[in-house]
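Bear in mind that the values in this text are calculations on the coordinates, not laboratory data. Predicted model, so just to flag it, every value in this text is computed and none were measured. Note that each Cβ is placed from the backbone with ideal geometry, even for glycine, and that neighbours are counted across all protein chains shown.
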Amino acid sequence: MGPYALRQRGVLLLFLILLFFMGVRLEFLRHHPAKAVAKSIPPSPFIVEARGIAGRPALLNYTHAPTFDQILQDTESSTAVSFGPAARPDFTRSREISLTFFFDSEGRLRYREGPCSVKTLWILGRPLPLNRATAEELALLPGIGPVLAARITAFRTDRGGFTSLHQLMEIKGIKEKTFKKIKAYLTL
């Protein structure tokens, strides 16, 4: 047997050993899956997603309900307009809101108030609002793909919205196991 044949056997033996250890590792991982370590950002009592004035969107966190003037100041707005020291956004429905500032036809500063975007909530690790999330956003949930997400949005449209997260189990393809996986990611 020549040196070339010995070399081939050595390479083959090394390959088989490597393959063996990869198989052992895969078998171990199959029986001992990694625990999820992603953590959400600790809840801040008040989150404001501000758009329109500063030129780029801003995500602001407050420990107390901010005034409009404080929000404008924190977005580094160059406008000299003020809403007054007592004027505040409405945080009665949600502690996470979106404000879009704009000037009306007479040059007065106005705002539109609404819920925070679903994308922002997702980034912050907050539960997604089931009655507002799009099929594309729902498809990102574990165990939910595009087909199941489309069924969820169709169910929501047919019923006029969800009144309980448990209604998800009425949808074909969502059983107890899938529901348990996704319920922590959703809210009404």
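Most tightly packed first, judged by the mean number of other beta-carbon atoms within 10 Å of their residues, the peptides 129-141, 170-182, 101-113 read 129-141, 170-182, 101-113.
The peptide list 148-154, 60-66, put in order of mean Cβ contacts within 10 Å with the highest first, becomes 148-154, 60-66. For a straight C-alpha distance cut-off of 16 angstrom, the aspartates and glutamates reachable from residue 180 (same-chain residues fewer than eight places away being disregarded) are 170.
Length available on full extension from residue 59 to residue 139: 0.36 nm per residue minus the Cα-Cα distance, which gives 26.3 nm.
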